[in-house]
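Let me begin by presenting the structure, written as structure tokens, before commenting on it.
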Amino acid sequence: QLQASGGGLVQAGGSLRLSCAASGSTFSFYFMGWYRQAPGEQRELVATISSSGSANYAGSVKGRFTISRDNAKNTVYLQMNSLKPVDTAVYYCNTFVYLLGKRIDYWGQGTLVTVSS
């Protein structure tokens, strides 16, 4: 189970930090990610972090967003700086497992980020 929090309303240029708390004792083994979905748009990948802490970012957020994880707290974070109105979206945390060769995705409930101009 994934529980996202930290969204809100911020002015352009501001910062927010999203958190996603996961249940389970094997969190440290999981590949985690943040996705976002703007109104009328498809859900898109924002950032991912491996179990070893290796991170990757979408080009649109690289240099502004930082994904991190605290395995002791079963939590993944998304630090968002220099926010732009185009970053407005519902942000979802994600993890997945493979079962019999099929990917099974797990999603948090989403947290709304609104960036005003």
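The values are calculated or read from the model by the stated rules, or taken from the named source; none is laboratory data. Since this is a predicted model, take the numbers as computed values, not measurements. SASA here: full protein model, heavy atoms, side chains in, ligands and nucleic acids out. Shrake-Rupley method; radii C 1.70, N 1.55, O 1.52, S 1.80 Å.
At-a-glance table
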read-out: For region 1-43 versus region 71-116, the gap between their alpha-carbon centres in whole angstrom; value: 3
read-out: Percent accessible area from carbon and sulfur atoms, region 1-84, protein chains only, probe 1.4 Å; value: 46
read-out: Gyration tensor verdict on the chain (Cα atoms; rounded if a/c is under 1.5, prolate if a/b is larger than b/c, oblate otherwise); value: prolate
read-out: For region 39-117, accessible area per residue (1.4 Å probe, heavy atoms of protein chains only), Å²; value: 56
read-out: Val97 accessible area, 1.4 Å probe, all protein chains in place, Å² to nearest 10; value: 40
read-out: Partner aspartates and glutamates for Lys62 [C-alpha distance under 18 Å; skip if fewer than 8 residues away on the same chain]; value: Glu44, Asp87
